[in-house]
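Below is one structure, written out as structure tokens; the observations come after it.
Just so it is clear, none of the values below were taken in a lab; they were calculated from the coordinates. In this text the structure is predicted, and so the values were computed from the model without any measurement. Heads up, the Cβs are rebuilt from the backbone with ideal geometry, glycines too, and the neighbour counts pull from every protein chain shown.
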């Protein structure tokens, strides 16, 4: 009798545990897509996101030096100010893996990376501005699931967590 009770208890524990973990990550059913903006692209691409995740901070993977200087979110508009060498012309890519992490509040993670045909370091820096309408670039997601944006800089280990409306100035 005690052995049956232990078995049922163990079964109940593992059943509850697996249901809980299913709620933590919610992949989207929307297929891969790309949204083009002025000087940037936004894509939902799980494979590209994973590749970026595994090659992060590999100096041979970084085509152009850049740093996030400011993140501002007001409602559905997300503005990212990026500092780059004045001699570089960059095109930015934002990559989302399509996963919503069910937390309180829920969170999505986005990588920011940059490409350039020709770029050399310079002491003089300039700023670029990436302006996104979150509800146009992140398709098929309710406003409740866009409470927290976790922005990851590809060529460094700098990550920024924007919860709700935020205004973050990043100083070095």
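Find how many whole Å separate the alpha carbon centroid of segment 138-172 from the alpha carbon centroid of segment 93-131.
One Cα centre to the other: 9 Å.
Ignoring solvent entirely, what values of log10 I(q)/I(0) come out of the Debye formula for segment 25-169 at 0.19, 0.20 Å⁻¹ when each Cα is a single scatterer?
Cα-only, vacuum Debye calculation for segment 25-169: -1.19, -1.31.
Please tell me the relative contact order of segment 113-172 in percent, rounded to the nearest whole number, where contacts are Cα pairs under 8 Å and at least six residues apart.
On the way: 28 pairs, mean separation 14.2, N = 60.
That works out to 24 percent.
Using the Cα atoms as the points, what is the convex hull volume per residue of segment 27-101 in Å³?
Working: hull volume 9.6 nm³, N = 75.
With only Cα atoms used, segment 27-101 gives 127 Å³ per residue.
Please compute the contact order of segment 25-169 in relative form: average sequence separation of alpha-carbon pairs under 8 Å and at least six residues apart, divided by the residue count, as a percent.
Numbers: 321 pairs, mean separation 43.7, N = 145.
With pairs under 8 Å counted, the relative contact order is 30 percent.
With r as the distance between the Cβ atoms of residue 157 and residue 79 and R0 = 30 Å, compute the FRET efficiency 1/(1 + (r/R0)^6) and round to 0.05.
Details: r = 23 Å, r/R0 = 0.76.
Once the sixth-power term is evaluated, E becomes 0.85.
Starting with the fewest neighbours, write out 93, 77, 38 ranked by other beta-carbon atoms found within 10 Å of each beta-carbon. Spell out each step's value before the answer.
Working: 93 19, 77 13, 38 8.
Neighbour counts put them in this order, fewest first: 38, 77, 93.
Listing 33, 49 from the residue with the fewest other Cβ atoms within 10 Å to the one with the most, what is the order? Mind showing how you got there, number by number?
Details: 33 14, 49 20.
Ordered by Cβ neighbours within 10 Å, fewest first: 33, 49.
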